[in-house]
Amino acid sequence: MRVRVAQGTLPGAVIVPAQAIQRSSAGVAQAFVVGTDKAVALRPLHTGALTDAGWIVEDGLKPGETVVVEGFQKIQPGMAVNPVPWQGGRTVAASAKP
């Protein structure tokens, strides 16, 4: 038998797909974030646990910000992008369904 127990809440935390998080050579978690001008910036993040839905980002992202999930191998900081909604993987809503 498996049991899921809620361990607590973290106000202001954001969950992003696991593949959106990269590690620098120093081991720092980071992600490409799309700005209001559609330019990407590589931003350091403080991550918590890895869940079924993705990494919990405790600091470095605000709710509603857009992160690059796929194709970041082809971009660099300052480059303009045309983001589209990500269609892959599980979402928090999907993982909450029985």
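Extension gain, residue 10 to residue 82: 0.36 nm times the residue separation minus the Cα-Cα distance gives 22.8 nm.
Simple rule: put +1 on each Lys or Arg Cβ and -1 on each Asp or Glu Cβ in the chain, find the dipole, and look at 75, 18, 30; the Cα lying farthest toward the positive end is 18.
Can you give the alpha-carbon Rg of the chain over 2.2 N^0.38 Å, where N counts its residues?
That ratio works out to 1.15.
Here the sum of -39500 (n - 2.57) over DSSP H runs of 4 or more residues, divided by the residues of the chain, equals -1000 deg cm²/dmol at 222 nm, to the nearest 500.
All of the numbers you see were taken from the coordinates with simple rules; none came from a lab. Just so it is clear, the structure is predicted and the values come from calculations on it, not from any experiment. Don't worry about glycine lacking a Cβ; one is built from the backbone with ideal geometry, like all the others, and counts go over all protein chains shown.
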